[in-house]
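The values are calculated or read from the model by the stated rules, or taken from the named source; none is laboratory data. Bear in mind the structure is a predicted one, so any value in this text is a computation, not a measurement. Ideal geometry is used to build each Cβ from the backbone, glycine not excepted, and the neighbour counts take in all protein chains shown.
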Amino acid sequence: MLTHLIIVPCHSVWKANESENALSKCNLGETTDQWSLAPFQFEGNDHLYFIRHAIGAIAELIHDVDNSVVMFSGSQTKPDRGPMSEAQSYYFLSQKIIQHYIKNHETGDCLPDNFDSQLRADVKEICQYLNYQEDNIKTLFSPQNISTEEFALDSFDNLVYSIGRFYEICDSYPQSISIMGFGFKEVRFLDYHAKAIDFPKSKITCISSGPLPYNYSKEQLETYFSNIDKAENKNALSLFEKDWYGTLSPLTKKKASRNPYNRKANYKIMDILGMTEPITNPEQHYISNIKGKMPWSVNASQ
(Lines give C-alpha, C1' and ligand atoms only; values in the text may rest on other atoms or scores of the structure.)
Protein backbone atom coordinates (compact mmCIF):
# COMPACT_ATOMS: atom_id res chain seq x y z
CA MET A 1 0.00 0.00 0.00
CA LEU A 2 1.33 3.44 -0.93
CA THR A 3 1.34 5.69 2.13
CA HIS A 4 4.22 8.15 1.69
CA LEU A 5 3.96 11.22 -0.52
CA ILE A 6 7.21 12.92 -1.59
CA ILE A 7 6.42 16.39 -2.93
CA VAL A 8 8.77 18.41 -5.13
CA PRO A 9 7.40 21.98 -5.37
CA CYS A 10 8.50 23.13 -8.82
CA HIS A 11 9.72 26.65 -9.56
CA SER A 12 10.44 26.93 -13.26
CA VAL A 13 10.33 25.18 -16.63
CA TRP A 14 13.36 23.44 -18.08
CA LYS A 15 13.89 24.25 -21.75
CA ALA A 16 13.92 20.65 -22.94
CA ASN A 17 14.25 21.58 -26.59
CA GLU A 18 16.97 24.21 -26.12
CA SER A 19 19.67 23.67 -28.72
CA GLU A 20 23.09 22.64 -27.48
CA ASN A 21 25.75 25.35 -27.21
CA ALA A 22 29.36 25.78 -26.20
CA LEU A 23 28.47 25.86 -22.51
CA SER A 24 26.20 22.84 -22.64
CA LYS A 25 27.09 19.58 -24.30
CA CYS A 26 23.79 17.83 -23.68
CA ASN A 27 21.42 20.19 -21.81
CA LEU A 28 21.07 18.59 -18.39
CA GLY A 29 19.72 21.83 -16.95
CA GLU A 30 23.13 22.92 -15.66
CA THR A 31 23.18 26.43 -17.15
CA THR A 32 20.72 29.25 -16.58
CA ASP A 33 19.92 29.57 -20.29
CA GLN A 34 18.36 26.11 -20.12
CA TRP A 35 15.61 27.37 -17.80
CA SER A 36 12.89 29.98 -17.99
CA LEU A 37 14.00 31.88 -14.91
CA ALA A 38 12.67 34.93 -13.07
CA PRO A 39 15.28 37.62 -12.29
CA PHE A 40 15.48 36.68 -8.59
CA GLN A 41 16.33 33.04 -9.44
CA PHE A 42 19.83 33.74 -10.80
CA GLU A 43 21.79 34.94 -7.78
CA GLY A 44 21.37 31.80 -5.67
CA ASN A 45 21.89 29.33 -8.53
CA ASP A 46 18.29 28.27 -8.08
CA HIS A 47 18.32 26.17 -11.26
CA LEU A 48 20.89 23.78 -9.81
CA TYR A 49 18.77 23.30 -6.72
CA PHE A 50 15.71 22.57 -8.86
CA ILE A 51 17.71 19.61 -10.16
CA ARG A 52 18.90 18.69 -6.65
CA HIS A 53 15.31 18.66 -5.41
CA ALA A 54 14.09 16.50 -8.29
CA ILE A 55 16.90 13.94 -8.15
CA GLY A 56 16.92 13.98 -4.34
CA ALA A 57 13.24 13.10 -4.27
CA ILE A 58 13.87 10.08 -6.48
CA ALA A 59 16.77 9.04 -4.24
CA GLU A 60 14.35 9.27 -1.31
CA LEU A 61 11.84 7.17 -3.26
CA ILE A 62 14.17 4.23 -3.86
CA HIS A 63 14.78 3.92 -0.11
CA ASP A 64 11.07 3.11 0.35
CA VAL A 65 9.80 2.33 -3.13
CA ASP A 66 7.02 -0.02 -2.01
CA ASN A 67 5.32 2.71 0.01
CA SER A 68 6.20 6.01 -1.70
CA VAL A 69 5.18 8.22 -4.60
CA VAL A 70 7.19 11.20 -5.89
CA MET A 71 4.98 14.07 -7.00
CA PHE A 72 6.42 16.87 -9.11
CA SER A 73 3.99 19.75 -8.56
CA GLY A 74 3.72 22.85 -10.75
CA SER A 75 1.47 24.20 -13.48
CA GLN A 76 1.94 25.69 -16.96
CA THR A 77 3.36 28.99 -15.73
CA LYS A 78 5.62 30.12 -18.58
CA PRO A 79 3.92 31.31 -21.78
CA ASP A 80 7.29 31.36 -23.56
CA ARG A 81 7.56 27.59 -22.99
CA GLY A 82 4.10 26.77 -24.27
CA PRO A 83 1.95 24.23 -22.39
CA MET A 84 4.93 22.42 -20.84
CA SER A 85 4.26 22.43 -17.11
CA GLU A 86 6.87 22.90 -14.43
CA ALA A 87 6.07 19.41 -13.18
CA GLN A 88 6.53 17.80 -16.59
CA SER A 89 9.85 19.53 -17.14
CA TYR A 90 11.22 18.27 -13.80
CA TYR A 91 9.96 14.79 -14.66
CA PHE A 92 11.61 14.65 -18.07
CA LEU A 93 14.84 16.34 -16.95
CA SER A 94 15.27 13.85 -14.10
CA GLN A 95 14.71 11.02 -16.53
CA LYS A 96 17.26 12.47 -18.96
CA ILE A 97 19.94 12.92 -16.27
CA ILE A 98 19.56 9.33 -15.09
CA GLN A 99 19.61 8.01 -18.64
CA HIS A 100 22.68 10.13 -19.45
CA TYR A 101 24.57 8.77 -16.44
CA ILE A 102 23.73 5.16 -17.24
CA LYS A 103 24.89 5.60 -20.83
CA ASN A 104 28.12 7.42 -20.04
CA HIS A 105 29.30 6.50 -16.53
CA GLU A 106 31.88 3.97 -17.75
CA THR A 107 33.85 6.74 -19.47
CA GLY A 108 34.41 8.55 -16.18
CA ASP A 109 32.79 11.63 -14.61
CA CYS A 110 30.05 12.40 -17.11
CA LEU A 111 27.98 14.89 -15.12
CA PRO A 112 28.31 18.68 -15.45
CA ASP A 113 31.06 20.27 -13.37
CA ASN A 114 28.62 22.40 -11.38
CA PHE A 115 26.60 19.40 -10.14
CA ASP A 116 27.62 19.24 -6.47
CA SER A 117 28.72 16.17 -4.53
CA GLN A 118 25.27 15.44 -3.07
CA LEU A 119 23.61 15.59 -6.47
CA ARG A 120 26.29 13.34 -7.95
CA ALA A 121 25.87 10.86 -5.10
CA ASP A 122 22.10 10.78 -5.56
CA VAL A 123 22.38 10.20 -9.33
CA LYS A 124 24.87 7.39 -8.78
CA GLU A 125 22.72 5.76 -6.11
CA ILE A 126 19.66 5.81 -8.36
CA CYS A 127 21.61 4.28 -11.25
CA GLN A 128 23.01 1.59 -8.97
CA TYR A 129 19.45 0.80 -7.89
CA LEU A 130 18.58 0.44 -11.59
CA ASN A 131 21.61 -1.83 -12.11
CA TYR A 132 22.75 0.65 -14.76
CA GLN A 133 20.08 -0.72 -17.10
CA GLU A 134 18.18 1.77 -19.27
CA ASP A 135 15.24 -0.61 -19.50
CA ASN A 136 14.66 -0.19 -15.75
CA ILE A 137 14.14 3.58 -16.07
CA LYS A 138 10.66 3.07 -17.50
CA THR A 139 9.65 1.00 -14.48
CA LEU A 140 11.06 3.56 -12.05
CA PHE A 141 9.11 6.34 -13.78
CA SER A 142 5.81 4.47 -13.74
CA PRO A 143 2.84 6.48 -12.37
CA GLN A 144 2.80 4.46 -9.14
CA ASN A 145 6.35 5.63 -8.41
CA ILE A 146 6.77 9.06 -9.98
CA SER A 147 3.96 11.29 -11.19
CA THR A 148 3.03 14.91 -11.84
CA GLU A 149 0.55 17.37 -10.40
CA GLU A 150 0.02 20.12 -12.97
CA PHE A 151 -2.28 22.73 -11.46
CA ALA A 152 -0.35 24.16 -8.49
CA LEU A 153 0.40 27.89 -8.62
CA ASP A 154 1.81 28.46 -5.14
CA SER A 155 3.11 26.53 -2.13
CA PHE A 156 -0.33 25.94 -0.62
CA ASP A 157 -1.41 24.41 -3.92
CA ASN A 158 1.76 22.29 -3.96
CA LEU A 159 0.72 20.67 -0.69
CA VAL A 160 -3.03 20.40 -1.17
CA TYR A 161 -3.08 19.48 -4.86
CA SER A 162 -0.31 16.90 -4.41
CA ILE A 163 -2.40 15.23 -1.72
CA GLY A 164 -5.36 15.37 -4.10
CA ARG A 165 -3.34 13.86 -6.93
CA PHE A 166 -2.01 11.15 -4.59
CA TYR A 167 -5.62 10.18 -3.91
CA GLU A 168 -6.33 9.95 -7.64
CA ILE A 169 -3.43 7.53 -8.04
CA CYS A 170 -3.75 5.52 -4.83
CA ASP A 171 -7.43 5.82 -3.87
CA SER A 172 -6.29 6.80 -0.37
CA TYR A 173 -4.63 9.75 1.32
CA PRO A 174 -0.98 9.78 2.38
CA GLN A 175 -0.11 8.94 5.96
CA SER A 176 3.18 10.81 5.80
CA ILE A 177 4.66 13.51 3.57
CA SER A 178 8.19 14.57 2.68
CA ILE A 179 8.74 17.93 0.99
CA MET A 180 11.93 18.28 -1.03
CA GLY A 181 12.59 21.97 -1.54
CA PHE A 182 14.11 25.26 -0.42
CA GLY A 183 14.85 25.58 3.27
CA PHE A 184 13.38 29.05 3.67
CA LYS A 185 9.92 27.68 2.85
CA GLU A 186 9.86 25.13 5.68
CA VAL A 187 8.03 27.44 8.10
CA ARG A 188 5.46 28.21 5.42
CA PHE A 189 4.69 24.54 4.81
CA LEU A 190 4.73 23.33 8.42
CA ASP A 191 3.29 26.24 10.39
CA TYR A 192 0.86 27.67 7.85
CA HIS A 193 -0.20 25.21 5.13
CA ALA A 194 -0.20 21.97 7.15
CA LYS A 195 -2.02 23.73 9.98
CA ALA A 196 -4.67 25.09 7.61
CA ILE A 197 -5.63 21.59 6.45
CA ASP A 198 -5.06 19.91 9.84
CA PHE A 199 -2.36 17.60 8.50
CA PRO A 200 -0.24 16.46 11.48
CA LYS A 201 2.98 18.43 11.55
CA SER A 202 4.74 15.38 13.00
CA LYS A 203 3.94 13.47 9.80
CA ILE A 204 5.66 15.99 7.50
CA THR A 205 9.40 16.07 6.89
CA CYS A 206 11.06 18.93 5.03
CA ILE A 207 14.26 17.94 3.24
CA SER A 208 15.81 21.27 2.40
CA SER A 209 18.62 22.50 0.17
CA GLY A 210 19.52 25.83 -1.41
CA PRO A 211 19.53 28.40 -2.72
CA LEU A 212 23.19 29.42 -2.39
CA PRO A 213 25.25 31.98 -4.33
CA TYR A 214 28.80 31.10 -5.38
CA ASN A 215 31.93 32.84 -4.06
CA TYR A 216 30.16 35.17 -1.63
CA SER A 217 31.88 36.52 1.46
CA LYS A 218 30.36 35.88 4.88
CA GLU A 219 28.90 39.38 4.89
CA GLN A 220 27.42 38.98 1.40
CA LEU A 221 25.82 35.69 2.39
CA GLU A 222 24.34 37.23 5.53
CA THR A 223 22.81 40.00 3.43
CA TYR A 224 21.53 37.52 0.84
CA PHE A 225 19.78 35.30 3.39
CA SER A 226 18.47 38.30 5.30
CA ASN A 227 16.85 39.54 2.08
CA ILE A 228 15.34 36.10 1.47
CA ASP A 229 13.82 36.09 4.97
CA LYS A 230 12.39 39.58 4.45
CA ALA A 231 10.90 38.62 1.08
CA GLU A 232 9.45 35.41 2.53
CA ASN A 233 7.75 37.33 5.32
CA LYS A 234 6.45 40.06 3.02
CA ASN A 235 5.37 37.97 0.02
CA ALA A 236 4.21 34.76 1.69
CA LEU A 237 3.95 34.45 5.48
CA SER A 238 2.22 37.77 6.09
CA LEU A 239 -0.28 36.97 3.34
CA PHE A 240 -1.04 33.38 4.35
CA GLU A 241 -1.36 34.50 7.97
CA LYS A 242 -4.49 36.38 6.91
CA ASP A 243 -5.60 34.17 4.04
CA TRP A 244 -4.90 30.59 5.14
CA TYR A 245 -6.38 29.01 2.00
CA GLY A 246 -5.20 31.50 -0.61
CA THR A 247 -8.71 32.27 -1.86
CA LEU A 248 -8.56 36.07 -1.58
CA SER A 249 -6.53 38.89 -3.16
CA PRO A 250 -3.58 39.51 -3.31
CA LEU A 251 -2.81 35.77 -3.27
CA THR A 252 -5.42 35.04 -5.95
CA LYS A 253 -4.04 37.89 -8.07
CA LYS A 254 -0.53 36.46 -7.75
CA LYS A 255 -1.77 33.03 -8.80
CA ALA A 256 -3.62 34.48 -11.77
CA SER A 257 -0.39 36.07 -12.98
CA ARG A 258 1.18 32.61 -12.97
CA ASN A 259 -1.68 31.02 -14.89
CA PRO A 260 -1.43 32.15 -18.54
CA TYR A 261 -3.26 29.03 -19.74
CA ASN A 262 -6.13 29.51 -17.29
CA ARG A 263 -5.77 26.06 -15.74
CA LYS A 264 -8.35 25.11 -13.08
CA ALA A 265 -7.91 22.29 -10.60
CA ASN A 266 -10.81 20.02 -9.71
CA TYR A 267 -9.45 17.66 -7.07
CA LYS A 268 -11.82 15.98 -4.63
CA ILE A 269 -9.77 17.39 -1.76
CA MET A 270 -10.97 20.90 -2.62
CA ASP A 271 -14.54 19.89 -1.81
CA ILE A 272 -13.41 18.19 1.40
CA LEU A 273 -11.64 21.38 2.49
CA GLY A 274 -14.60 23.54 1.48
CA MET A 275 -12.51 25.57 -0.97
CA THR A 276 -15.11 25.90 -3.72
CA GLU A 277 -15.83 29.51 -2.66
CA PRO A 278 -13.65 32.31 -1.25
CA ILE A 279 -13.02 31.83 2.48
CA THR A 280 -13.30 35.23 4.16
CA ASN A 281 -12.89 34.02 7.75
CA PRO A 282 -10.25 31.27 7.58
CA GLU A 283 -9.93 30.66 11.31
CA GLN A 284 -13.67 30.14 11.71
CA HIS A 285 -13.72 27.97 8.59
CA TYR A 286 -10.94 25.84 10.08
CA ILE A 287 -12.71 25.42 13.43
CA SER A 288 -16.11 24.68 11.89
CA ASN A 289 -15.19 22.53 8.91
CA ILE A 290 -11.67 21.16 9.13
CA LYS A 291 -10.22 20.70 12.62
CA GLY A 292 -10.42 17.02 13.53
CA LYS A 293 -12.61 16.24 10.52
CA MET A 294 -10.13 15.52 7.75
CA PRO A 295 -9.29 11.93 6.72
CA TRP A 296 -5.74 12.62 7.94
CA SER A 297 -6.63 14.48 11.16
CA VAL A 298 -5.11 12.96 14.29
CA ASN A 299 -8.46 12.61 16.04
CA ALA A 300 -10.58 11.93 12.95
CA SER A 301 -13.21 9.23 13.37
CA GLN A 302 -12.03 5.91 11.91
Out of (1) assigned to a loop (DSSP other than H, G, I, E, B); (2) surrounded by fewer than 24 Cβ atoms within 10 Å (Cβ to Cβ); (3) more than 14 Å from the chain's Cα centre (by Cα), the odd one out for residue 29 is which?
(2)
Pairs where the first residue, in the range 268-289, is on the phi < 0 side of the Ramachandran plot and the second is in a loop (DSSP other than H, G, I, E, B) and exposed (fewer than 11 other Cβ atoms within 10 Å of the Cβ), C-beta under 7 Å, 6+ apart:
270/276
For residue 154: the one exception among (1) out of contact with any Ser or Thr (no Cβ under 8 Å at 6 or more places or on another chain); (2) without any contact (Cβ under 8 Å) to a residue 40 or more places away in the chain; (3) under 23 Å from residue 271 (Cα atoms):
(2)
Step by step: first the residues of the range 201-226, then only those that are surrounded by 11 or more Cβ atoms within 10 Å (Cβ to Cβ) and in contact (Cβ under 8 Å) with a residue 60 or more places away in the chain, then the one that is farthest from the chain's Cα centre (by Cα). Which residue is that?
224
Scan the range 228-244 residue by residue and report those that are farther than 13 Å from residue 191 by Cα and within 19 Å of the chain's Cα centre (by Cα).
228, 232, 235
Might you let me know whether the range 187-208 holds any residue that is under 17 Å from residue 2 (Cβ atoms) and part of a helix (DSSP H, G or I)?
yes
From the list 198, 229, 191, 171, which one is charged (D, E, K, R), modelled with pLDDT of 95 or more, buried (at least 16 other Cβ atoms within 10 Å of the Cβ) and more than 23 Å from residue 86 (Cα to Cα)?
198
Residue check: is residue 60 crowded, with 16+ Cβ neighbours inside 10 Å, in contact (Cβ under 8 Å) with a residue 60 or more places away in the chain and part of a loop (DSSP other than H, G, I, E, B)?
no
